[in-house]
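Since every read-out is calculated from the coordinates, none of them should be taken as a lab result. This one's a predicted model, so the numbers in the text were calculated from it and none came from an experiment. Glycine also receives a Cβ, built like all others from the backbone with ideal geometry; neighbour counts cover every protein chain displayed.
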Amino acid sequence: MGLLADLPVPRPLRGPVYRGYARVTGANLEEAGLPLEAHPSLGDFFTRPLREGLRPVDPDPLAVVSPVDGRVQRVGPIVEGQTLQAKGRPYAVRQLLAGVGEDIDLEGGCAMTLYLSPSDYHRIHSPCAAAISEARWVRGHCLSVAPKVLDRRLVLPINERCVLRLETARGPLLFVLVAALNVARLIVRDLRPDEAGPLAPPLQRAAGEELGRFELGSTVILVAPPGVLAPDPSLAPGSVVRLGRRIGSFLPA
């Protein structure tokens, strides 16, 4: 699938091919930041940038913003070391995190899961001002992360993923980027794909700053220890979120 996505598309065919893809998936071409002909392959078109200024980032320093365009899969508590993937299917949060943040007490915290469909913008941004102090790439399966699949089987803690530790002014957050069906490629700026451990120096990122991108479908999970983050009460399974809108708020120190 990755090889197919990387095949060059002749310039005269790019417009028809990408418009056909948009009709099938529901992608919004009016938001594209570059002309269709500027993308040499379907894979490059898939990770297209947005038009400048299209996704304003909530300026409140206490806001935690959506790092992606997507839909809410689940927002829920961490109880006895577990949270729910979907429809009552629990999984161990420590398994998902693969050793990152072992010193952080997560009991009573929360996990926020956002799903990106093929129609969505597929670049990933920082949910807040933070320093990335640790990263771990985890080899795994390339199962679909579509909601109907998550309803049936365990996927998130066994798929290919990258786990990041974010140090914020209010405490640590853990940010998991989960790769998906057939193409397990995800790219994080300034990180090698074999990174596993503390980063020296940490990577500084502003709220809303681009972190990387997914190539084909994907999911992100934001994990917060207790006392750090309160999810926005408007979030509900299936609700649409857009990059930069508030999805939570830091709690007072």
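Remark: LYS87, LYS148 ranked as LYS148, LYS87, counting other beta-carbon atoms within 10 Å and listing the fewest first. Positive-end ranking of PRO157, THR113, GLY15 along the dipole of the chain, with charges on Cβ about the Cα centre, is headed by GLY15.
About its Cα centre, how strong a charge dipole does the chain have in debye, to the nearest 20, once Lys and Arg get +1 and Asp and Glu get -1 at the Cβ? Write down the numbers at each step before the final one.
Working: 29 positive and 26 negative charges, 166 e Å.
Roughly 800 debye, rounded to the nearest 20.
With Cα atoms as the point set, the radius of gyration and Dmax of segment 41-183 evaluate to 15.5, 46 Å.
So how far, in whole Å, is the C-alpha centre of segment 156-215 from the one of segment 108-125? That distance is 12 Å.
Toward the positive end of the charge dipole of segment 119-195, with +1 on the Cβ of Lys and Arg and -1 on the Cβ of Asp and Glu, the farthest Cα among ALA180, SER126, LEU191 is that of ALA180. Taking Cβ atoms as reference points and 14 Å as the exclusive limit, the residues near GLY43 contribute a net charge of +2, counting Lys and Arg as +1 and Asp and Glu as -1. One equal scatterer on each Cα of segment 1-107, no solvent, Debye formula: the resulting log10 I(q)/I(0) at q = 0.14 Å⁻¹ is -0.84.
By other beta-carbon atoms within 10 Å, ranking ASP120, ASP232, ASP194 with the fewest at the front produces ASP194, ASP232, ASP120. According to the calculation over all Cα-Cα pairs in segment 2-46, the P(r) per 10 Å bin from zero is 30, 60, 10 %.
Give me LEU42, LEU164 ranked fewest to most by other Cβ atoms within 10 Å of their Cβ, as a rough exposure proxy. Display every interim value, and only then the final one.
On the way: LEU42 18, LEU164 27.
In increasing order of surrounding Cβ atoms, one gets LEU42, LEU164.
Here P(r) over Cα pairs in 10 Å bins from 0, in percent was computed from the coordinates, and among (i) 8, 34, 40, 17, 1; (ii) 7, 32, 38, 18, 4, 0; (iii) 7, 25, 30, 25, 12, 1 the match is (ii). Restriction of the GluC sites (Glu not before Pro) in segment 1-95 to DSSP coil positions whose beta-carbon has at most 16 other beta-carbons within 10 angstrom yields GLU52, GLU80.
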